Structure formats: C-alpha cells, structure tokens
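The block underneath contains the structure these notes are about, expressed in structure tokens.
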Amino acid sequence: MAELLDPFNREYDTPTPGPAVLSERLRHLLAGDRTIALLTGEPATGLALLTLRPNVWYEGPVGLLDELYVAPHLRSQGLGARLLQAAEQVVRDRGGELLEINVDGEDHDTRRFYERHGYTCREPGQPEGELYYHRVLGGADA
C-alpha cells in the first residue's frame, strides 16, 4: 500500500514521508479495527483507505475515505468505482450510515467522479457548499 500511496502524493506534488514511513504507519493503523484498506489488482494497482470514528449524530461509526487511488495507466476502467462501492459496503457492514470524503477544491475530475456516484458537498436546502478547515498541530508545519 505504501508503494501506491507514495507515488499518489508525488503525482499531485503533495508532501510524502516516503514508503518506509508510510509502511510503518500503515502496519500500526491496520492492526486496529478503525482503519481498513481495500486493494485491487495483483500486484496491487489501486487502493481505498478508510477510517471509522464514533459520532454523536449517528448510531454507528462515520467513515472517512482517506485515500482512493488507482494507478494512472489503469484509470477510467471502473476500478475506482468498484473500490468506492466496496468502501461504502464496509461502512454499512460496520453499522455506519455516512461516508465522508475530502477533495481539493481545484480537483475538478475527482469532484465529478464522486458526484457521479451520488456524493455532494451541499447539505439539503443549503445554497453554499461545505468547507473543510484544517490546522496542523505540532511538527514542522505548525
């Protein structure tokens, strides 16, 4: 998985700690029951990485699709859609009712992909889209 996540970030000029660090982090996270990885291909050419968390507004956990990646040469073949459907099913199987996804505002292709699959960035009846705010707490970027 780290061998997919590292080039994914590099493809979009996003910082990455490298495959070795990612591998160690994934080993730790996947040992618990709140992080789930789904792979496609042999060897793996695509992945969905999601986390589950409790939430006061829902009976079951809320899922967050942290990463969805398909190797560039295999895109537009339905692999991403199948990974997304599998991620949704995992959340349902764990009793969840909501799957959240964060997408960069300027990433129009990705936004269209999720919208084609029924996702929206607007609450019903709201004219404005939702925004995602973040702040790095600690480390070199703080």
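Per-structure values
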item	result
When residues of region 88-120 are limited to those that are touching a residue at least 40 places away in the same chain (Cβ under 8 Å) and assigned to a helix (DSSP H, G or I), the one nearest to residue 44 (Cα to Cα)	90
Residues satisfying the stated conditions in region 40-92, i.e. surrounded by 16 or more Cβ atoms within 10 Å (Cβ to Cβ) and in contact with a Pro (Cβ under 7 Å, 6 or more places away or on another chain)	52, 61
The one condition in (1) over 17 Å from the mean Cα position of the chain (by Cα); (2) under 20 Å from residue 7 (Cα atoms); (3) not in a loop (DSSP other than H, G, I, E, B) that residue 28 fails to fulfil	(2)
Qualifying residue in region 104-111 (condition: hydroxyl-bearing (Ser, Thr, Tyr) and surrounded by 10 or more Cβ atoms within 10 Å (Cβ to Cβ))	yes
Single residue of region 11-39 satisfying the filter (of a type in the set (D, E, K, R), surrounded by fewer than 12 Cβ atoms within 10 Å (Cβ to Cβ) and free of Cβ contacts under 8 Å to residues at least 40 places away in the same chain) that is farthest from residue 63 (Cα to Cα)	13
Residue ID - farthest from the chain's Cα centre (by Cα), chosen from residues in region 40-56 that are assigned to a strand (DSSP E or B) and without any contact (Cβ under 8 Å) to a residue 24 or more places away in the chain	53
Search result, residues across region 57-87 that are out of contact with any strand residue (DSSP E or B) (no Cβ under 9 Å at 6 or more places or on another chain) and either assigned to a helix (DSSP H, G or I) or closer than 15 Å to residue 99 by Cα (or both)	59, 72, 73, 81, 85
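None of the figures in this text is laboratory data; all of them are computed from the coordinates on show. Note that this is a predicted model, so its numbers are computed, not measured. Here the Cβ is made from the backbone with ideal geometry for all residues, glycine too, and neighbour counts use every protein chain on show.
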